[in-house]
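Visitor: Please find one structure pasted underneath; my questions will follow.
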Amino acid sequence: MQLNSFDEWSPLREVVVGSAENYVSHERELSFDLFFHDNIAHDNSPRSEWYYPRLSSRQDGGEDPGGTRVLIKKRYVEELNEDIEEIVATLRSLSVKVLRPLDVAAETGDVRTPAWSASVVPPLNVRDNTLILGDEIIETPPMIRSRYFETQLLKPVFQHYFRQGARWTVMPRPVMTDASFDLSYVRSSTVGGPTEPIGDPRHSRFDMGLEMMFDGAQCLRLGRDLVVNISTANHALAVDWLERHLEGRFRIHRVHGISDSHIDSMVLALRPGTLLVRSEQVAAQLPEPLRRWDLIVPPRPESDNFPRYGDDDLVLTSPFIDLNVLSVSPDTVLVNEACPELMRTLEKHGFTVVPVRHRHRRLFGGGFHCFTLDTVRDGGLEDYLG
């Protein structure tokens with residue numbers, strides 16, 4: 001089929017599901033800590049300060065702003081791979097065609113540019129570095145150094161749709177030295193807790209000043225309209241680019257600071273007129289036409305919904321990660337089987353819930369919406385906001 005995806009709920013025909021093969025570690029360096037700041041500093045703040053390793057340079061005296069690698073236990077990766085295969089099987093049972101990225105090769109340890117190096121991560125959260133708008137693939141400027149070349153592993157998928165007639169665009173790539181990052185958000189929102197202060201940027205001869213950095217998961221797609229979350233000058237620069245690129249085709253609605261980055265564990269559109277939102281306070285920050293939609297506010301997550309982890313396991317997401325559901329149609333939603341309260345809430349609102357196992361979503365930074373990139377849905381360029 002040809003690439004066609006304008007919204008989050010129309011009947012799903014084709015989707016990319018991410019890969020976790022050869023997931024070995026996370027790297028605590030500046031871009032990583034900035035990206036996960038809210039979750040580490042606030043949502044997981046009861047943990048011990050020593051649970052989060054201090055930043056350190058891999059190359060003393062050098063320019064490379066390397067960090068501290070935090071190994072991931074092999075058992076968690078094996079169980080994650082089992083759960084991903086269950087997601088794939090469930091989607092296929094619902095008559096959805098599933099495409100997969102290339103796996104990271106076991107021998108690939110680092111990604112490297114002239115300005116820095118970082119440990120590589122596999123293409124698991126494929127929603128992040130790609131934005132699908134109708135018949136166009138847009139590769140977005142990465143926010144985490146470890147993921148700089150991630151879309152290279154999606155090239156066979158992109159090439160397939162390009163041959164079918166899709167447009168294919170790459171947004172400008174950031175140099176990503178320390179000076180590239182807007183630190184105002186983390187400095188203004190830090191209230192103590194288990195993260196070290198973010199210091200002054202380390203100078204590099206490659207410094208460009210603030211650059212655009214932005215993930216596709218910061219966008220809520222509503223046919224002709226995009227609701228886009230902005231928390232930093234990096235995001236704002238990228239949205240400036242998107243507005244110029246999409247002028248005349250899409251309307252962009254900026255919202256500010258709904259989260260530090262991604263919008264899809266704060267609010268998701270399940271069908272025209274219905275939103276799943278973390279709280280009424282989040283809904284109040286949305287554009288006025290969306291505030292008239294029906295709101296589903298799920299119950300607070302239960303502690304029993306999550307595995308217990310040790311002090312050496314790096315928890316990356318908030319307890320609200322299971323709000324990150326995937327709609328297969330306007331009345332069918334994939335939900336983590338560990339969340340009976342959320343499932344019952346959605347069923348009360350007329351949805352058919354498909355429970356799927358996903359154990360370690362808090363260790364790997366994503367739910368079902370994050371792990372997938374919908375490439376073909378039935379919907380078109382509709383006007384849902386009037």
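The values are calculated or read from the model by the stated rules, or taken from the named source; none is laboratory data. What you see is a predicted model; the values in this text were computed from it and never measured. With ideal geometry, Cβ positions are generated from the backbone for all residues, glycine too; neighbour counts draw on all protein chains shown.
Visitor: State the number of residues belonging to the range 99-121 that are in contact with a strand residue (DSSP E or B) (Cβ under 9 Å, 6 or more places away or on another chain) and not β-branched (Val, Ile, Thr).
Guide: 9
Visitor: Can you tell me how many residues within the range 337-373 are without any contact (Cβ under 8 Å) to a residue 40 or more places away in the chain and part of a strand (DSSP E or B)?
Guide: Adding up the residues that qualify gives 3.
Visitor: So which of Ser279, Ser259, Ser265 ends up being at pLDDT below 95 and closer than 24 Å to Ile137 by Cβ?
Guide: Selected residue: Ser265, the only one of Ser279, Ser259, Ser265 that is at pLDDT below 95 and closer than 24 Å to Ile137 by Cβ.
Visitor: Among the residues in the range 50-58, are any in a helix (DSSP H, G or I) and either modelled with pLDDT under 55 or surrounded by 22 or more Cβ atoms within 10 Å (Cβ to Cβ) (or both)?
Guide: Looking through the range 50-58, at least one residue is in a helix (DSSP H, G or I) and either modelled with pLDDT under 55 or surrounded by 22 or more Cβ atoms within 10 Å (Cβ to Cβ) (or both).
Visitor: For a quick check of your reading of the model, give me the residue pairs whose first member lies in the range 73-92 and is in contact (Cβ under 8 Å) with a residue 12 or more places away in the chain and among the acidic types (Asp, Glu), whose second is part of a helix (DSSP H, G or I) and surrounded by 18 or more Cβ atoms within 10 Å (Cβ to Cβ), with beta-carbon atoms closer than 9 Å and at least 6 apart or on different chains.
Guide: Listed pairs, sorted by first residue: Asp83/Arg361.
Table: residues versus (1) buried (at least 18 other Cβ atoms within 10 Å of the Cβ); (2) without any contact (Cβ under 8 Å) to a residue 24 or more places away in the chain; (3) under 25 Å from Leu80 (Cα atoms).
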site: Arg271; (1), (2), (3): yes, no, no
site: Pro287; (1), (2), (3): no, no, no
site: Ile296; (1), (2), (3): yes, no, no
site: Ser303; (1), (2), (3): no, yes, yes
site: Asp311; (1), (2), (3): no, no, yes
site: Leu314; (1), (2), (3): yes, no, yes
site: Val325; (1), (2), (3): yes, no, yes
site: Val328; (1), (2), (3): yes, no, yes
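Visitor: A follow-up question, please. Take the residues in the range 5-42 that are over 16 Å from Ser119 (Cα atoms), more than 17 Å from the chain's Cα centre (by Cα) and not aliphatic (A, V, I, L, M), then tell me which one is modelled with the lowest pLDDT.
Guide: Only one residue tops the list, namely His42.
Visitor: Another one. How many of the residues in the range 336-362 are in contact with a helix residue (DSSP H, G or I) (Cβ under 8 Å, 6 or more places away or on another chain) and β-branched (Val, Ile, Thr)?
Guide: The qualifying residues number 3.
Visitor: Hey, which of the strands (runs of 3 or more DSSP E) in the range 195-266, taking only ones fully inside, have at least 3 residues that are out of contact with any helix residue (DSSP H, G or I) (no Cβ under 9 Å at 6 or more places or on another chain) and under 16 Å from Val277 (Cβ atoms)?
Guide: Counting at least 3 such residues, we get no strands (runs of 3 or more DSSP E) at all.
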